[in-house]
Structure formats: structure tokens, C-alpha cells
Amino acid sequence: MTLARRSLLIAPAAWAGSAWASTQIQWVAGNLPPFAFESPGGARGFAHDLANAMAQRLDRPRQVTYLPWARAVRMAEQGPAYGVFPLARTPDREANFQWLVPLMTVRYGFYTLATETRLELEDLRPMRVGVLRGSPIAANLRAESFKTLVEAKDYRDLLRLLRERSLDAVYAGTAMLEAAMDEYGHPRLMFVLQTTLGEGTLYMAASRQTPAVEAQRWVAAYRELEDDGTVMRLRRRYIR
């Protein structure tokens, strides 16, 4: 049994009963490469393609709605039966979602323009640091006494602000920001990873109000895809 399978955890649904028995998960996501992102050739990504493959197993429509990330998280947290990805599992979110499928554990790091000198954590504290709006990792910075945090709606915007020197650094998941560099045409050589601070595990999650039986259907579909090798093929396609 793989680590991913052992990690499949379903929190009890907050609202149970026959009134919710027919409620089906509707997936929402933000533009967060390599897990989910819109491109000229159509939306794609590891979690996006995985959600579509799971939907096909369940004979459901293959549909993911893209929204600004903070709004997508809020909809899944407050709505009746939304799924959202890729969502970091943190203590403050633990009771607010059902955690369906673990996607990947990521490191969080500070990126600056490559023209900058090597910086340590104490050098970065007084700087203007960009973070994704709606991301819980801003709490890591506040705990380390960072004062000037600038939120942006997505990684495209964060990279633009960094290149324009409206930011001194960006704090983000290393896998995601580097994939965004590739997707949005920013050569990786233009940036440097200065240091890291913390890590988190990203999930496909669902609203607490989602009926437990519906959540279990999606987990079962994931397990089938894991067994036939689809999960590994998709991971290799997008995660480098």
C-alpha cells in the first residue's frame, strides 16, 4: 500500500441525511501550476487531469471551474458540495474541509531576482515579500516577524511584480512557483531560490457539507486510478 493510499482521510460530513444523498461534488480550482492551470490549449495540470479521470470513472461530467484562489477556497469552505485543489492541509483548516486525496508535499521558499546577492532569513525580513492571496503560508512569515507582505491573486501576478521590482521576494511552494515560471514564459535563470521555510501537504479536498457517501465515491475512484497506474503517469507528466 502506498503512502498516498495510507493518507486518504475522510472527515465526517457536517450535514448528513437523505436530503444530501444526491449532492455531487463540483470542482473549483485556482491557476496553480503544475496542479491546475488554464492555458491556450485548455485547462490542465496534475490535479485537474486527475479530477477528470476520477469523474470519468464515476460517469460524471468532467468539469473544473477556475476562480481566483481565495474565492475558490471560500466557496469550498462555505458551500454545500464543492471540491477544491490543490489545498494545503493546515491546523486552522483541518476541521473546515474533508481531506480526500493527498497530492504532494511541497517546500515553501523565497525567490528573488537572480541579480540579487545571496540572502538569509534575517536579510529577507525587512523586505517586501509577495504571497498568494488566500494562502495560509503567510502565517509562517508573520511568525518569523516579516512585516511587509503583499498579496497577489495568482503566481502569474507574483512573478510579474517581482520582475517589475514591486516586490523584493516571493514566498511560495517551490514546485508551484517554478512550474509557473515555465508556464508563463519566465526563464528560471532569472530567479534564485534564496532559502526555504516550512513545508505542507497539498490535497484534493471537499466541503464539510458534502455527504460522506459522495466523498467516498471519489476516494474509491482515486484508488482505482492508483491501482491501474494512472495516478503515477499523471504525476510524471506534470511533477518534475
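Per-residue answers, yes or no, for (1) outside the structural domain of LEU189 (by TED's automatic domain parsing); (2) at pLDDT below 95; (3) among the hydroxyl-bearing types (Ser, Thr, Tyr):
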| site | (1), (2), (3) |
| --- | --- |
| ARG93 | yes, no, no |
| LEU121 | no, no, no |
| GLY130 | no, no, no |
| PRO136 | no, yes, no |
Six or more apart or on different chains, Cβ under 8 Å: which pairs go from a residue in region 173-186 that's within 15 Å of LEU103 (Cβ to Cβ) and without any contact (Cβ under 8 Å) to a residue 40 or more places away in the chain to one that's among the charged types (D, E, K, R) and in a loop (DSSP other than H, G, I, E, B)? Could you list them? none
With touching a Leu at 6+ places or on another chain (Cβ under 6 Å), modelled with pLDDT of 95 or more and either in a strand (DSSP E or B) or not assigned by TED's automatic domain parsing to the domain that holds PHE191 (or both) as the only criterion, which of GLY83, GLY109 stands out? GLY109
Count of residues meeting criterion [among the aliphatic types (A, V, I, L, M) and crowded, with 19+ Cβ neighbours inside 10 Å] in region 190-218: 5
Just checking: which of the strands (runs of 3 or more DSSP E) contained wholly in region 142-225 hold 1 or more residues that are β-branched (Val, Ile, Thr) and farther than 18 Å from LEU132 by Cα? 191-207
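The values are calculated or read from the model by the stated rules, or taken from the named source; none is laboratory data. This structure is a prediction, so every number in the text was calculated from the model and none was measured. Cβ: placed from backbone, ideal geometry, glycine included. Neighbour counts: every protein chain shown.
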